[in-house]
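Every read-out reported here was derived from the displayed coordinates using simple, explicitly stated rules and does not represent laboratory data. Quantities reported herein were computed from a predicted structural model and do not represent experimental measurements. We place every Cβ from the backbone using ideal geometry, glycine too, and count neighbours over all the protein chains shown.
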Amino acid sequence: MELRCTCGAYLPSDARFCHKCGKPQYEEDAARLAAENTPAPVQAPLDVPGTAKTSPIGFGNLRAVTITIAVAAVTLIPLSLAMIAPPLSLIVLAAAGYCAAYFYRRQTSQPLSAGGGAWLGVMTGIWLFVVFALCAAVVSVKVSSPADLAVMKATLAHVPGAANMLDDPHQFIVTIGESLILLFFLSTLSAAFGGMLAARTLARRSQP
Ligand SMILES: [Zn+2]
């Protein structure tokens, strides 16, 4: 016997699909097609409160990187002035960490933990250390060249002790290296202290 599709077309008795409208003539084909055309249920995004808006403080957090670089760049001025009295530089470094945490807290308007503040300070200290290390590298290269060494000796002639330091360039470079290690810990720890202080002060102030 001849089949007739709902669209009106006459179909051969063994037709699985209508040649005119494409409608499946068997229940199993209809079910399979329906299953294929049903869109997969949209997976609801995992909504974890607190983590969605801000990435953790670190070098992967663009805002933290930008703020700490800016603070470190500005800090270079008072830091070079503090060379007159080296203990002052510790206060300058702590202030830099404080400023980094303060600006980050203001920009994100998210609560800042003491650890987060300290980490912002450490990042600021690391950028400053990078500048120190570059300066040390330049000085080390200069000292290695006899012509530049003579110029440096002439420049530092009036600074007591400085010219003597340059008498042994190798010892001088070793001293620079040792100072850098000390500088790394001093700059990161002082700035971390400042950042932690800022986080605690700001948290206390925002309490009702
Ligand atoms: Zn049909």
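The table below gives the values:
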quantity: For residue 17, residues with placed amide H under 5 Å, excluding near neighbours; calculated: 25
quantity: Under Karplus coefficients 6.51, -1.76 and 1.60, residue-wise ³J(HN,Hα) of the range 97-102 in Hz, glycine/proline x; calculated: x, 4, 4, 4, 5, 4
quantity: Long-range tail of P(r) for the range 99-169 (Cα pairs > 16 Å, %); calculated: 63
quantity: Cβ-defined net charge surrounding residue 165, 14 Å radius [Lys, Arg +1; Asp, Glu -1]; calculated: -1
quantity: In Hz, Karplus ³J(HN,Hα) per residue of the range 167-177 (6.51, -1.76, 1.60; θ = phi - 60°; x = Gly, Pro); calculated: 4, 10, x, 5, 4, 4, 5, 4, 4, 4, x
quantity: For the chain, cysteines whose Cβ has no other cysteine Cβ within reach (under 4.7 Å); calculated: 99, 135
quantity: nm² value of the averaged projected area, convex hull over the Cα atoms of the chain; calculated: 24.6
quantity: FRET E, pair residue 126, residue 156, Förster distance 41 Å, beta-carbon r, rounded to 0.05; calculated: 0.90
quantity: Amide proton proximity set for residue 11, modelled H, under 5 Å, gap of 5+; calculated: 3, 4, 5
